[in-house]
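The values are calculated or read from the model by the stated rules, or taken from the named source; none is laboratory data. Being a predicted model, the structure only gives us computed values, none of them experimental. Counting neighbours? That spans all protein chains shown, and the Cβs are built from the backbone with ideal geometry, glycine included.
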Amino acid sequence: MNTLGLDEAGRGPVLGPMVVAGIVIPEKKEKIIERMGVKDSKRITPKRRAVLYRKLTRMFDYETVEISAKDIDLLRAKGVNLNQIEKLAMMRIIAKLKADTIIIDSLDIKEGRLEEEMQNFVGEGSKVIAEHKADDKYIVVGAASIIAKTKRDEIINQINKEYIRSTGNKDGIGSGYPSDPKTKNFLKNYKYDEMPDFVRRSWGTVQRIKEAEEAEKSL
């Protein structure tokens, strides 16, 4: 029996992509990854996550889908919300990775609604489980969480390096989360009219900063 775990990283940040990951783990191998220390990525240091990421991606079949900040903005402008964007990414992964059971860290307020929708998508060949905090409850979803988070971290680190190299601003862009002081400073102090493509321009954080700038100019 094989289980596919699905999770995402980067729903909330104002910078960078959202990454959705799926990994297929045979039931008989779950004890092995448990001994490796696999758990929800939020409870593991970035350094340890990177080590587990390398091991997991060597040992098992996996897929990732990256939705760039630019694509998120374009889809939202067409009326596609973040939940729908994530569901479409999950469906792409499910179509590639076959498993007897599919476990999803539920993005829907109503767990049953997502579960039913995904069950209809996969048909009778696989059983779908969609639960809140599945990355805490199921080790295979914890593994998917590690892959998604590490992949997003790699992308953000690369964006950071390119930004520092091109601007000479050693503070960089931070983690991309609105609560990060470096990210706040980057957004507030960006000198050009058009934000870079790695910024989610449709986010409220960006809109508020723009409004504050316009208010300052009018004084």
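With the structure loaded, tell me whether Glu115 is surrounded by fewer than 18 Cβ atoms within 10 Å (Cβ to Cβ), without any contact (Cβ under 8 Å) to a residue 60 or more places away in the chain and either assigned to a helix (DSSP H, G or I) or small (Gly, Ala, Ser) (or both) or whether it fails that test.
no
Which of the residues spanning the range 150-176 are at positive phi and either touching a residue at least 40 places away in the same chain (Cβ under 8 Å) or surrounded by 21 or more Cβ atoms within 10 Å (Cβ to Cβ) (or both)? Reasoning before the result, please.
Applying the first criterion (at positive phi) to the range 150-176 yields 168, 172, 174, 176.
Within the range 150-176, Gly174, Gly176 meet the criteria.
Number of residues in the range 53-79 that are aliphatic (A, V, I, L, M) and loosely packed, with under 15 Cβ neighbours inside 10 Å equals 2. The residue pairs whose first member lies in the range 7-32 and is more than 12 Å from Ile139 (Cα to Cα) and at pLDDT 95 or above, whose second member is part of a strand (DSSP E or B) and small (Gly, Ala, Ser), and whose beta carbons are closer than 6 Å, counting only pairs six or more residues apart or on different chains, are Val19/Ala9. Evaluated against (1) among the acidic types (Asp, Glu); (2) in contact with a strand residue (DSSP E or B) (Cβ under 7 Å, 6 or more places away or on another chain); (3) closer than 30 Å to Gly204 by Cα, Glu27 falls short on exactly one condition, (3).
In the range 41-52, which residue that is part of a helix (DSSP H, G or I) and touching a residue at least 24 places away in the same chain (Cβ under 8 Å) is surrounded by the most Cβ atoms within 10 Å (Cβ to Cβ)? It would help to see each step written out before you state the result.
Pass one, the range 41-52, residues part of a helix (DSSP H, G or I): 41-43, 46-52.
Filter again for touching a residue at least 24 places away in the same chain (Cβ under 8 Å), leaving 41-42, 46, 49-50, 52.
Values: Ser41: 26, Lys42: 13, Pro46: 11, Arg49: 20, Ala50: 15, Leu52: 21.
Checking each candidate, the answer is Ser41.
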